[in-house]
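Notes follow once the structure below has been shown.
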Amino acid sequence: MSTNERPLSPHLQIYRWQWTMALSILHRATGVGLAVGTLLLVGWLMALADGPDRYAAYQEFIGHWFGRLLLFGWTWAFFYHLCNGIRHLVWDTGRGFELNVAAASGYVVGIGSVVLTVIAWLCAYNLTGAIS
Amino acid sequence: MSLQTPLGRVRGLGSARNGTHHWWMQRITAVALIPLGLWFAVALIKLTGASYSDAIAWLQSPINAILLLLLIVATFHHMQLGLQVVIEDYVHHEGAKLVLMMGQKLASFALAVAAGFAVLKIAFGG
């Protein structure tokens with residue numbers, strides 16, 4: 001087909017790497033990560049529906065260091081995708097595209113997602129009495 | 001000369017074949033997921049280390065069951081729309097694209113049904 005002969009736009013590696021580019025690809029990466037992470041949600045609900053034994057097995061899995069690592073990563077991916085998703089919705093109204101504003105909102109999203117993740121885990125550990 | 005309206009002529013054309021429907025549904029589910037996601041995050045924090053009976057009791061509250069069902073519908077709809085775009089952008093082999101697209105759509109739907117069924121079973125006291 002003739003479309004294959006058309007020039008391509010410059011490849012990604014030609015551009016100087018920028019914060020906003022990293023945020024953009026992270027939105028996709030966290031989206032895919034969250035999609036995989038829904039298995040944790042479905043697993044939790046199915047375990048609950050199945051009965052106490054399956055629920056105990058699920059609790060054991062999620063309490064294991066690997067389970068906690070998955071859940072921690074998922075928490076950050078959730079807050080990142082949420083914050084950056086709101087940033088995207090603001091862009092959809094045509095606002096916030098100025099270079100300095102887009103960079104600043106990016107920093108807010110990056111720092112905000114980490115802060116929210118830490119707060120969520122501190123609250124959760126507080127409730128279980130691991131931190132008092 | 002055609003009696004077709006300009007709108008009738010372009011409907012169904014374009015690379016996505018469906019105009020702005022995909023984009024719009026992604027925004028609707030995104031907006032729904034802001035309050036639903038925050039509600040669920042807070043609920044999960046409160047449920048950390050909860051016993052089996054505590055978790056069941058939480059899910060049997062009608063408001064929690066309803067919000068959870070809404071979260072499930074919005075999440076899996078948003079998820080399959082998003083995965084669709086990722087596949088369309090990066091997979092250029094037609095066969096692989098078709099298999100991945102069918103796989104992710106069917107898996108998203110199956111996960112949504114499984115999650116919804118689990119919620120209903122618990123909520124109705126099964």
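Coordinate-derived values only; no laboratory data. Remember, predicted model here, so these are calculated numbers, not experimental data. Cβ placement follows ideal geometry from the backbone for every residue including glycine, while neighbour counts extend to all protein chains displayed.
Remarks
- Along chain A, longest interval not containing exposed chymotrypsin sites (Phe, Trp or Tyr not before Pro), exposed being DSSP loop plus at most 14 other Cβ atoms within 10 Å: A:18-96
- The residue among A:Leu69, B:Val86, A:Gly31 whose Cα reaches farthest toward the positive pole of the charge dipole of the protein assembly as shown, with charges on the beta-carbon of Lys, Arg, Asp and Glu, is B:Val86.
- Equivalent ellipsoid, chain B (semi-axes from 5 times Cα gyration tensor eigenvalues, Å): 38, 17, 13
- Principal-axis tilt of helix B:21-46 within chain B, Cα atoms, nearest 10 degrees: 10
- Peptide A:74-81 - average C-beta neighbours from other chains (10 Å radius): 2
- For chain A, the mean residue ellipticity at 222 nm estimated from helices alone is -27500 deg cm²/dmol, where every DSSP H run of n ≥ 4 contributes -39500 (n - 2.57) and the total is divided by all residues, rounded to the nearest 500.
- Helix A:52-63 vs. chain A, principal-axis angle (Cα, 0 to 90°, nearest 10): 50
- Shielding of A:45-56 by partner chains, average beta-carbon count, 10 Å: 5
- Cα centroid separation, the range A:85-132 to the range B:31-61 (Å): 21
- Cβ-placed point charges (K, R +1; D, E -1), dipole of the protein assembly as shown about Cα centre in debye, nearest 20: 500
- Dipole magnitude (debye, nearest 20) for the range B:20-123, charges at Cβ of Lys, Arg, Asp, Glu: 180
- Normalised convex hull volume, the range B:19-72, alpha-carbon set, Å³ per residue: 72
- For chain B, the residue among B:Leu7, B:Val119, B:Met102 whose Cα projects farthest onto the positive side of the dipole built from Cβ charges is B:Leu7.
- Chain A: angle of helix A:65-92 to the longest principal axis, Cα-based, in degrees nearest 10: 40
- Of A:Val118, A:Cys83, A:Ala103, farthest towards positive along the dipole that unit charges on Lys, Arg, Asp, Glu beta carbons give chain A: A:Ala103
- Cα→Cβ-extended label distance, 7 Å offset, between B:Ile63 and A:Leu69, nm: 3.9
- Per residue, the convex hull volume that the Cα atoms of the protein assembly as shown enclose (Å³): 200
- Value of D in µm² per second that Stokes-Einstein yields for chain A, Kirkwood Rh from Cα pairs, at 25 °C (0.890 mPa s): 138
- Were the residues from A:Tyr125 through A:Leu8 laid out at 0.36 nm apart, the gain over their Cα-Cα distance would be 37.0 nm.
- Residue-by-residue Karplus 3J(HN,Hα) for the range B:71-81, coefficients 6.51, -1.76, 1.60, Hz, glycine and proline x: 4, 5, 4, 5, 4, 6, 5, 4, 5, 6, 5
- Evaluated with a Cβ-only charge set (Lys, Arg +1; Asp, Glu -1), chain A carries a dipole of roughly 320 debye about its Cα centre, given to the nearest 20.
- Residue ranges B:76-82, A:83-89, A:99-105, B:93-99 sort as B:76-82, A:83-89, A:99-105, B:93-99 when ordered by packing (mean number of other C-beta atoms within 10 Å per residue, highest first).
- With the simple spin-label model, which puts each label point 7 Å out from Cα in the Cβ direction, the A:Phe97 to B:Phe117 separation comes to 4.7 nm.
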